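The values are calculated or read from the model by the stated rules, or taken from the named source; none is laboratory data. All values reported here derive from a predicted model rather than from experimental measurement. Methodologically, a virtual Cβ is constructed for each residue, glycine included, from the backbone with ideal geometry; neighbour enumeration extends over all protein chains shown.
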Amino acid sequence: MTDWQKVESQVMMQVVRRMPATLVRGEGVRAWDDTGKSYLDFMGGWASNALGHCHAVQVEALRRQAEQLVHVTNAFYSVPQLELAQILVEHSVFDRVFFCNSGAEANEGAVKLARKYGRIHRNGAYEVISTLKGFHGRTLAMVAATGKPHYQEPFQPLPAGFVNVEYNSLEAIKAATTDRTCGVLLEPIQGEGGVNVADDDYLRGVRAWCDEKGLVLIMDEVQTGVARTGKLWGYEHSGIRPDIMALAKGIGGGVPLGAILATEQAAAAFAPGDHGSTFGGNPLMCAVGRDVMRYVIDNDLAGHAHRIGQYLVSRLNEFRTEYPGIADIRGRGLLVALELEQERAGEVVNAALAEGLLLNACTPTVIRFMPPLIITEVHVDEAISILDRALARVIERAVAAS
Ligand SMILES: *Cc1c(COP(=O)(O)O)cnc(C)c1O
């Protein structure tokens, strides 16, 4: 049998620390590695696999569209793209859509739109305020927007025009606002930063501040969008209307698809030629996005994620009495975190992998759960019993060792 982990070490750029499993097949909430071992998948492809692995809706959309038309450029009108755009506009507070291929690209385009808006409406203002511990992607500009020194330092100088301030502090945004500011870029919940849930008052305050100063409010919903947090869009929890929203991850259920949504007023800043993409809006990807979004909406996966997320949190809370050192359990819908007092999240995740459960340690202390939106209580119970064994391996040993 080929040792794929060795091949990876030889031919791939060494930019990610992978978990020691070569996944070759998936079905529903389960994935299998090349030795035949099965895993319960609570990592969900970084919250992309909204419908789980190889859902019939997704596979059928791919097959049917692949037989009909895989690619045409945006030099032409294309039906799946327009059908998906209609769904997004009908089911959000936004009026217009631009399609791209990834989250970083969606945010990058959103920032371009904010700059163009600042140029027109705010005397050439171009600076975007974003938050410390946020995450917006890996392009140079999005690294500048991502307030994490270890992502930024190796790549100096970064593009100018970004200020990083503390999350969940309206005062910090007010203090950073100058004549140069054109917009604010925020996640409604910081996903990779540790599942940090913003106060609803914070988002309402930022909205009011943006209105007062004429700034555009960009919601990065690459992770929180598409029913993940128990509402179709994360901004709905606070009842605000952002000007721009960036999407990717769940919108395609696991195929590379991203989108920028904007209100008429914000979108009007773009003129023909200002932005574009060869693959953005590709018929194959948009056919999948269209059918995934329809499924998510028709089956109220947002309501489902809310209910199952509450059940997951309640089951996780049982660990508080069983294990010492659990600092916090938090989240919304099916974006949930278990935080440890000690920096042992990685050890727990590795132990869970060995026991057959895929999880993610998004910080040294935080274990993140972002399973497919289709999971049921039965899957939660199974994950809890596997995690129980994993925690026992790590945390009891820690007690015995001390
Ligand atoms: C994953 C993520 C991104 C980056 O998405 P890519 O598709 O990897 O470029 C941006 N913002 C948030 C909030 C994310 O979770």
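General remarks:
Residue-wise test of (1) at pLDDT 95 or above; (2) in a helix (DSSP H, G or I); (3) within 22 Å of Ala262 (Cα to Cα); (4) more than 12 Å from the ligand (Cβ to nearest atom).
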{"site": "Glu83", "(1), (2), (3), (4)": "yes, yes, yes, yes"}
{"site": "Ser92", "(1), (2), (3), (4)": "yes, no, yes, yes"}
{"site": "Glu105", "(1), (2), (3), (4)": "yes, yes, yes, no"}
{"site": "Lys112", "(1), (2), (3), (4)": "yes, yes, yes, yes"}
{"site": "Arg119", "(1), (2), (3), (4)": "yes, yes, yes, yes"}
{"site": "His150", "(1), (2), (3), (4)": "no, yes, no, yes"}
{"site": "Asn164", "(1), (2), (3), (4)": "yes, no, no, yes"}
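- Residue in the stretch 122-145 that is in a helix (DSSP H, G or I), out of contact with any Cys (no Cβ under 8 Å at 6 or more places or on another chain) and touching a residue at least 60 places away in the same chain (Cβ under 8 Å) present: no
- Tabulated pairs, the stretch 176-198, first free of Cβ contacts under 8 Å to residues at least 60 places away in the same chain, second of a type in the set (Lys, Arg) and within 13 Å of the ligand (Cβ to nearest atom), C-beta under 7 angstrom, 6+ apart or interchain: Gln190/Lys133
- Count - residues of the stretch 166-185 that are out of contact with any helix residue (DSSP H, G or I) (no Cβ under 7 Å at 6 or more places or on another chain) and within 16 Å of the ligand (Cβ to nearest atom): 1
- Residue ID - farthest from Ala172 (Cα to Cα), chosen from residues in the stretch 208-229 that are touching a strand residue (DSSP E or B) at 6+ places or on another chain (Cβ under 6 Å) and without any contact (Cβ under 8 Å) to a residue 60 or more places away in the chain: Gly225
- Test for Val206: is it modelled with pLDDT of 95 or more, over 17 Å from Gln190 (Cα atoms), β-branched (Val, Ile, Thr) and more than 12 Å from the ligand (Cβ to nearest atom): no
- Of everything in the stretch 94-103 that is surrounded by 19 or more Cβ atoms within 10 Å (Cβ to Cβ) and either part of a strand (DSSP E or B) or at pLDDT below 95 (or both), the residue that is farthest from the ligand (Cβ to nearest atom) is Val97.
- Residue count for the stretch 179-196 under the criterion of being crowded, with 21+ Cβ neighbours inside 10 Å and not in a loop (DSSP other than H, G, I, E, B): the result is 8.
- Verdict on Leu132 being within 24 Å of Met370 (Cβ to Cβ), within 16 Å of the ligand (Cβ to nearest atom), surrounded by fewer than 17 Cβ atoms within 10 Å (Cβ to Cβ) and under 20 Å from the mean Cα position of the chain (by Cα): yes
- When the criteria are applied in full, Gly191 meets the requirement of being of a type outside the set (Val, Ile, Thr) and within 12 Å of the ligand (Cβ to nearest atom).
- When the stretch 42-56 is filtered for residues that are under 19 Å from Glu382 (Cα atoms) and more than 16 Å from the ligand (Cβ to nearest atom), the ones remaining, listed by number, are Phe42, Leu51, Gly52, His53.
- Residue list for the stretch 362-391, filter: free of Cβ contacts under 8 Å to residues at least 40 places away in the same chain and either surrounded by fewer than 20 Cβ atoms within 10 Å (Cβ to Cβ) or of a type in the set (Asp, Glu) (or both): Pro364, Val378, Ser385, Arg389
- Among residues of the stretch 145-171 being among the aliphatic types (A, V, I, L, M) and within 17 Å of Val216 (Cα to Cα), the one that is surrounded by the most Cβ atoms within 10 Å (Cβ to Cβ) is Ala145.
- All positions within the stretch 236-271 that are closer than 21 Å to Ala125 by Cα and away from the ligand (no atom under 16 Å from the Cβ): Asp243, Ala262, Thr263, Glu264, Gln265, Ala266, Ala267, Ala268, Ala269, Phe270, Ala271
- Every residue from the stretch 135-144 that is near the ligand (Cβ under 9 Å from one of its atoms) and surrounded by 20 or more Cβ atoms within 10 Å (Cβ to Cβ): Phe135, His136, Gly137, Met142
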